[in-house]
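The block underneath contains the structure these notes are about, expressed in structure tokens.
The values are calculated or read from the model by the stated rules, or taken from the named source; none is laboratory data. Just so you know, these numbers come straight off a predicted model, no measurement behind them. Because the Cβ atoms are built from the backbone with ideal geometry, glycine has one as well, and the counts that use them run over all protein chains shown. Ligands, DNA and RNA are stripped out before the accessible areas are found, and what is left, the full protein with its side chains, is counted by its heavy atoms. Shrake-Rupley method; radii C 1.70, N 1.55, O 1.52, S 1.80 Å.
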Amino acid sequence: MSVLNKETMETKPMKGAKDIEEVIVKAIKKVGARKENELCKYLPMKTGGYMHHFTLKKMKNKQPSELASIIERHVVQADKPVVIAPKQRAARGSRKRREHMNFTRIQLERMLNIARLAGDKEIITILSPRKSVSSCKRELIQSIRHNKIETELWNSYVESVQAQQAILADPSLILQNQN
């Protein structure tokens, strides 16, 4: 093919392009829409839901005859065009929350008691509520006055002091804990 033939073919509007424009104009008038993107809600997809506006634009350029037949069938030839329900999607953030389990306070206390009965110190420290250094000190002093030994209380005091020292050593941890 010569260069002249290529240029004339590219500048000539395709027969399908004229047809698709006419079909779109008819469909817009029938539906009472202002833009062609509003036609998407009347065009069903095989995967469920209605056609995305990007898909409409893509089909308009690459598969105009197929798009014209879809619009003809579902909008122009239909007595009353039906608005298609959107495709069901997962809730926002649903992937993020799958890993974490939310327990009530009562459930946590029950699990903590089970861990105490089993003697599992690691689980006890994980499930115990975090206390500030001052509250740990206060409770430790009270337990000493009552001649009681509470290893769990001592462990939480050590843990809170270590956390405080780590924050003082690395100020960037303060920002991480706030977020």
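The modelled label-to-label distance for the pair Leu168/Glu22, using points 7 Å beyond Cα in the direction of Cβ, is 8.5 nm.
Determine ³J(HN,Hα), in whole Hz, for all residues of segment 27-40 in sequence, where each value follows from phi through the Karplus function 6.51 cos²θ - 1.76 cosθ + 1.60 and θ = phi - 60°; x replaces Gly and Pro. Calculated HN-Hα couplings, in order: 5, 4, 5, 5, 7, x, 8, 9, 10, 5, 4, 6, 6, 3 Hz. A probe of 1.4 angstrom, applied to the heavy atoms of all protein chains, finds Arg73 with accessible area near 140 square angstrom.
Are any of the pairs Lys26/Lys60; Lys30/Lys80; Lys26/Lys58; Lys58/Lys87 more than 18 Å apart by Cα-Cα distance, and if so, which? Mind showing how you got there, number by number?
Numbers: Lys26/Lys60 15 Å; Lys30/Lys80 9 Å; Lys26/Lys58 20 Å; Lys58/Lys87 20 Å.
Pairs exceeding the cut-off: Lys26/Lys58; Lys58/Lys87.
Applying the Karplus relation 6.51 cos²θ - 1.76 cosθ + 1.60 with θ = phi - 60° to segment 150-163 yields 3J(HN,Hα) values of 10, 5, 4, 5, 4, 4, 5, 5, 4, 5, 5, 5, 5, 5 Hz, where x marks Gly and Pro.
Quick one: length gained pulling Ser69 to Ser134 fully straight, 0.36 nm per residue minus the C-alpha distance? Intermediate results must be reported in sequence, preceding the final value.
Values: separation 65, 0.36 × 65 = 23.40 nm, distance 7.47 nm.
Contour length minus Cα-Cα distance gives 15.9 nm.
Rounded to the nearest 20 debye, the dipole magnitude of segment 106-163 is 220 debye, with +1 charges on Lys and Arg beta carbons, -1 on Asp and Glu beta carbons, and the Cα centre as origin.
What FRET efficiency would be calculated for the residue pair Arg92, Phe54, taking the C-beta separation as r and a Förster radius of 25 Å, to the nearest 0.05? Don't skip to the answer; put the middle values down first.
Working: r = 21 Å, r/R0 = 0.82.
Given R0 = 25 Å and the Cβ-Cβ separation, E is 0.75.
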